[in-house]
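The values are calculated or read from the model by the stated rules, or taken from the named source; none is laboratory data. Just so it is clear, the structure is predicted and the values come from calculations on it, not from any experiment. Positions of Cβ are generated from backbone atoms using ideal geometry, with glycine treated the same way; all protein chains shown enter the neighbour counts. Each accessible area value is taken on the protein alone, full model and side chains, heavy atoms only, with ligands, DNA and RNA left out. Shrake-Rupley method; radii C 1.70, N 1.55, O 1.52, S 1.80 Å.
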Amino acid sequence: MRVLVIGSGGREHALCRALRLDPAVSEVHCAPGNAGIAQVADLHQVVPTDGAAVAALARRLGADLVVVGPEAPLVAGVADAVRAAGVPCFGPSGEAAAIEGSKAFAKDVMIAAGVPTARARTCVTEEEAAAALDEFGAPYVVKDDGLAAGKGVVVTDSREEALEHARACDRVVVEEYLDGPEVSLFALCDGGTAVPLQPAQDFKRAYDGDKGPNTGGMGAYTPLPWAPDGLTEQVMTEIVNPTVAELARRGTPYTGVLYAGLALTQDGPRVIEFNARFGDPETQVVLDRLATPLGGLLLACATGDLAAHGPLEWRGGAAVTVVLAAENYPADPVKGDPIAGLPADAEEAYVLHAGTALDENNRLVSNGGRVLSVVGTGSDVAEARARAYDALAGITMRGSHHRSDIAAGTPG
């Protein structure tokens, strides 16, 4: 099977790595990719949001499957263009991807499906936003209605900061704050059937102790030894399956991965947000633990055969990933800094590239905000965490920063 992955981040490196390990996959291609992905896939230049160009590349390569990684191409309808060209595609249609592309649309779907989530108001004027902030009170939660690369959400005790974020957006969703630990659950979908992957937890704030601005994610781990028994089954029954059914009822069947960002409140799981793609950096740890070959699994989703695929298999133990970020991330990350000291890939620890490139002297340099994801594995979370930080310790990049508390104090 020839597979083409669209994207250039750590998530796409994790996908390409897992696909390369699938004995049924003969070729892995990625567009546009990055310096690390080039070690496991053939790279091609394409604008990821250009559906016609992606479809043409897939046909030229004779791809048996296209996997669209980032949200922007999905919302732009790239999966529709690929399917229209006769190539199976893992990723929702542009209409279905509005589950991430519009927070207001997602709320409408959840309400119609009876999915537990925060009360919310959609606001287009400063006056509406101010009234909603006063209605729900602090902590204030303000979300840009559109795509914002994981950084369009402000959670703050400052009413003025919340209102300032609302002013900077064309349309916002103001929500009540959901209190409780956050969990990410990915469900693979083929339009009718949905199958859960292993839950993970990520760390959104830039600095230790959950301080600083929101980022795309500074680390993650799986499994969650502290999670309530039956959590996955409950989320599938109360959240994922009703959402997939509602989208199908609307004539927009969901094919791909539905990412449920959850808060485990005293009243049970509540949806913070839906995303239309694999989360980054949770994908790095979830795919590390997945023993089922990835290529056939994603193809089954793309072709409507997920129900016949069989149960998923998981490796024991745990995985932890820590993100190395560039200077001044997430505000205005510095690019072009040389990277050195990368450890050799091993079963216990390895590096996935996110924002990297090769300069004119063929040196590995930073080329984005989140530069590397260092993955450690072990018999439990503590051992996996230690191995990730040991591998990270030898890497040097001027101005870089990372959190030192990813998965710290996690039981098991």
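Over the chain, DSSP H runs of length four or greater, each weighted -39,500 (n - 2.57), average out per residue to a 222 nm ellipticity of -7500 deg cm²/dmol. Applying 1/(1 + (r/R0)^6) with r as the Cβ-Cβ distance of residue 60 and residue 111 and R0 = 56 angstrom yields a FRET efficiency of 0.80.
Return the carbon/sulfur percentage of the accessible area of the stretch 323-412, one whole number, probe 1.4 Å, all protein chains in place. Each step should come with its number before you reach the end.
Values: 1840 of 3930 Å².
After summing per-atom areas, the C and S share lands at 47 percent.
The GluC sites (Glu not before Pro) of the stretch 302-404 that DSSP puts in a loop, and whose beta carbon has at most 13 other beta carbons within 10 Å, are 313, 347, 360. With all pairs of different C-alpha atoms in the average, the Kirkwood value for the hydrodynamic radius of the chain is 21.4 Å. At the residue level, residue 49 shows approximately 70 square angstrom of accessible surface with a 1.4 angstrom probe and all protein chains present.
Normalised by the number of residues in the chain, the mean separation of alpha-carbon contacts (under 8 Å, six or more apart) gives a relative contact order of 16 percent.
Which net charge results when you count Lys and Arg as +1 and Asp and Glu as -1 among the other residues whose beta-carbon is under 15 Å from that of residue 50? Numbers along the way, then the final one.
On the way: positive: 59, 60; negative: 80.
Residues near residue 50 contribute +1 overall.
Length gained on full extension, residue 393 to residue 1: 137.3 nm, using 0.36 nm per residue less the C-alpha separation. Rolling a 1.4 Å probe across the protein heavy atoms gives the stretch 212-305 an accessible surface of 30 Å² per residue. Of the listed residues 20, 205, the order by accessible area with a 1.4 Å probe, largest first, is 20, 205.
Residues considered: 222, 232, 243. Largest GNM mean-square fluctuation over the chain, using C-alpha springs under 10 Å, is found at 232.
Surface composition of the stretch 171-279: carbon and sulfur make up 46 percent of the accessible area, probe 1.4 Å. Which residue fluctuates most in the GNM of the chain (Cα springs below 10 Å): 260, 56, 200? In the Gaussian network model the winner is 56. Measuring nothing but protein heavy atoms, the accessible surface of the stretch 1-84 at 1.4 Å probe radius is 50 percent carbon and sulfur. Surface calculation, 1.4 Å probe, protein heavy atoms: residue 8 sits at approximately 50 Å² accessible. For the stretch 211-238, the residues whose backbone nitrogen is under 17 Å from a point 7 Å from the Cα of residue 314, taken along Cα to Cβ, are 220-237. Non-local lysine pairs in the chain, meaning eight or more places apart or on different chains, with alpha-carbon distances under 25 Å, amount to 15. These residues, 165, 353, go from largest to smallest accessible area, 1.4 Å probe, as 165, 353. Per residue, the stretch 141-194 exposes 41 Å² of solvent-accessible protein surface, assessed with a 1.4 angstrom probe and all protein chains in place. Near the amide H of residue 90, within less than 5 Å, lie the amide hydrogens of 66, 67, 68, all on another chain or at least 5 residues away, with H placed in the peptide plane.
Among 341, 261, 33, the largest mean-square fluctuation in a Gaussian network model of the chain, built with springs joining Cα atoms closer than 10 Å, belongs to 341.
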